[in-house]
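See structure below.
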Amino acid sequence: MEFKKQKSYKVAPLPFQGQKRRFVNGFGIALQELKANKEVSIIVDLFGGSGLLSHTAKNIFTNTRVVYNDFDNYSERLRNIDRTNKLLADIRLILSDYPREKKLDDKSKAHVLECIEKADKTGYVDYVTLSSSILFSAQYVTSLSQLNKETLYNNVKATDYDFSADEYLGGLEIVRCDYKQLYEQYKDVPGVLFLVDPPYLSTDTKTYLSDKYWKLRDYLDVLNVLTGSNYVFFTSNKSSLIELCEWFADNRSIGNPFENSVLNTQNITINKSASYTDMMLYKFVK
Ligand SMILES: C[S@@+](CC[C@H](N)C(=O)[O-])C[C@H]1O[C@@H](n2cnc3c(N)ncnc32)[C@H](O)[C@@H]1O
């Protein structure tokens, strides 16, 4: 059945850390250009996150398969929006006389937590969405026990979230797996386009399903999916990845200068929460 273009979302319907809303327009322009010039057989969003890129791609490539890797089960959050709206309405009522944006006192906090605990016991709670209504800006938790430890604020969204999950996810093929597995599945399909938006290097990934810290090696591994296929890749200047790749392209013969060297380390403590490891490497050639 042919997919009919739906409402075009410029922002993910529910909060999602790292969503590419600032790129929606530029991404759309790049895809329009691609559509005009090349045959694209399938689009695979390897790190789907909120699905915003998949959604945007599907609205442009209406007759092309778009695979959304919903690694964090974001679609479950979307499909539970009625429960989330109900819980937020209950909290709004509890805090109706409480000043907005103010820290909750102990009594109000206990009342709000009791309400959330009840919802948690009887069904689904979307803690990430809830966080944006009762935590300090850009702070997120993913469970009741974490929420208990936080200072709560009255930032409750004034109105219901208003969207249709079916409309937003319309026409997408939703899968959930490691990006490498998905890449293996589609890498040899002629005309495939990969959307590649991995977690940024060493950023806070606690709201993602896997809270594994993305180390340099994980990040560099992703480069393997960029060779030989159409891609749209996202990174930031914090990782210096582009500079690193340019340097290696200019110095192809360097190999690994640290191979067979001896490593000596010293732990340096800056303060209670910050430390790093200083390293000395040596190798004496004959
Ligand atoms: C920067 S976000 C993607 C944001 C997305 N493009 C958007 O606009 O919402 C990176 C995503 O990669 C997911 N992820 C982490 N490890 C992964 C893995 N091994 N395979 C696939 N996805 C992974 C994270 O959970 C997160 O959803």
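Quick one: in the range 207-216, which of the residues that are within 13 Å of the ligand (Cβ to nearest atom) and either modelled with pLDDT of 80 or more or surrounded by 13 or more Cβ atoms within 10 Å (Cβ to Cβ) (or both) is nearest to residue 129 (Cα to Cα)?
That would be 207.
Going by the conditions given, is residue 196 surrounded by 13 or more Cβ atoms within 10 Å (Cβ to Cβ) and modelled with pLDDT of 95 or more?
Criteria met by residue 196.
Might you let me know whether the range 56-65 holds any residue that is assigned to a helix (DSSP H, G or I), charged (D, E, K, R), farther than 30 Å from residue 219 by Cα and modelled with pLDDT of 95 or more?
No: zero hits.
What tally of residues in the range 53-70 results from selecting those that are among the β-branched types (Val, Ile, Thr) and within 11 Å of the ligand (Cβ to nearest atom)?
Looking only at that region, the number is 1.
What pairs come out if I take residues in the range 207-221 that are of a type in the set (Ser, Thr, Tyr) and pair them with residues that are modelled with pLDDT of 65 or more and more than 9 Å from the ligand (Cβ to nearest atom) whose C-beta lies under 8 Å away, six or more apart or interchain?
Once the first residue is of a type in the set (Ser, Thr, Tyr) and sits in the range 207-221, its partners that are modelled with pLDDT of 65 or more and more than 9 Å from the ligand (Cβ to nearest atom) give 207/128; 207/140; 207/142; 219/201; 219/239; 219/241.
I'm told residue 178 meets every condition in (1) within 15 Å of the ligand (Cβ to nearest atom); (2) crowded, with 16+ Cβ neighbours inside 10 Å; (3) within 16 Å of the chain's Cα centre (by Cα) except one. Can you identify the failing condition by its number?
Answer for residue 178: the failing condition is (2).
Conditions: (1) part of a helix (DSSP H, G or I); (2) farther than 25 Å from residue 235 by Cβ; (3) aliphatic (A, V, I, L, M). Residue 285 meets all but one. Number of the miss?
(1)
Tell me which residues, restricted to the range 25-42, are within 25 Å of residue 201 (Cβ to Cβ) and buried (at least 18 other Cβ atoms within 10 Å of the Cβ).
Correct list: 27 only.
Among the candidates 237, 230, single out the residue that is assigned by TED's automatic domain parsing to the domain that holds residue 50 and within 16 Å of the ligand (Cβ to nearest atom).
The match here is 237.
Filter the range 114-132 for residues that are under 19 Å from the mean Cα position of the chain (by Cα) and either assigned to a helix (DSSP H, G or I) or farther than 21 Å from residue 16 by Cβ (or both) and give the result.
Of everything in the range 114-132, those that are under 19 Å from the mean Cα position of the chain (by Cα) and either assigned to a helix (DSSP H, G or I) or farther than 21 Å from residue 16 by Cβ (or both) turn out to be 127, 128, 129, 130, 131, 132.
The values are calculated or read from the model by the stated rules, or taken from the named source; none is laboratory data. Everything numeric here is computed off the predicted structure, so don't read it as measured data. Every residue, glycine as well, gets a Cβ built from its backbone with ideal geometry; the counts of neighbours run over all protein chains shown.
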